[in-house]
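The values are calculated or read from the model by the stated rules, or taken from the named source; none is laboratory data. This is a predicted model, so every value here is computed, not measured. Quick reminder, even Gly has a Cβ in these numbers, built from the backbone with ideal geometry, and neighbours come from all protein chains shown. Just so you know, the surface numbers come from the protein's heavy atoms only, side chains and all, with ligands and any DNA or RNA stripped out. Shrake-Rupley method; radii C 1.70, N 1.55, O 1.52, S 1.80 Å.
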Amino acid sequence: KADEFIIPNGIAIDDIEKNIFLAATGIGIYRINLQTKEYKLISNPSEITATGIDGMYFYKDSLICIQNSLNRVVRIHLNKTGETAIKLEIIEKENPNFILPTTGTIVDDCFYFIANSQIYSMGQDRKLLPVEQLKDIIILKAKLN
């Protein structure tokens with residue numbers, strides 16, 4: 001049911017294209033089997049926070065997640081079936097360049113992502129501020145091995 005996926009804001013597909021992982025704001029991460037269409041919330045121990053994700057990428061049995069509400073980028077390691085989060089690794093946090101980090105890509109075992117989104121660069125009229133008031137975009141690189 002679509003109403004269970006509240007504010008989906010991160011989607012990734014596994015390496016064998018069997019499962020899609022969908023981040024639902026305030027809830028966690030769902031694993032959706034592409035063949036059966038069955039879906040289930042990934043279980044995780046209480047020390048692994050899997051919410052507030054704005055960008056998610058599958059990488060070697062794990063999910064690289066931008067948790068901009070927590071001002072960090074993490075790697076959530078999964079068990080072999082992808083049903084359970086087993087470890088959380090912090091890749092980057094509290095970087096002074098962070099202004100609502102968002103969106104990235106993986107290239108050659110490195111994660112490149114936007115450190116300072118322009119989401120706060122709108123005026124009261126919801127239009128983008130003049131160019132001279134915008135900040136230069138900062139793209140950070142994190143090694144994943």
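Here the spin labels are modelled as points 7 Å beyond Cα on the Cα-Cβ line, and at Glu132 and Tyr59 they lie 4.0 nm apart. These residues, Asp125, Asp109, go from largest to smallest accessible area, 1.4 Å probe, as Asp125, Asp109.
Of all lysines in the structure, those lying under 27 Å Cα to Cα from Lys127, and not within fewer than 8 positions of it along the same chain, are Lys135. Across region 1-132, the fraction of Cα-Cα pairs farther apart than 23 Å, rounded to a whole number, is 34%. Rolling a 1.4 Å probe over the protein heavy atoms of the chain, with every protein chain left in place, gives an accessible area that is 53 percent carbon and sulfur.
The mean accessible area for residues of region 52-121, using a 1.4 Å probe and ignoring ligands and nucleic acids, is 44 Å² per residue. Overall size of region 1-60 from C-alpha positions, given as principal axis extents largest first: 29, 28, 21 Å. Plainly put, region 63-145 has a radius of gyration that is 1.08 times its Kirkwood radius, both from alpha-carbon atoms, as the Rg/Rh ratio.
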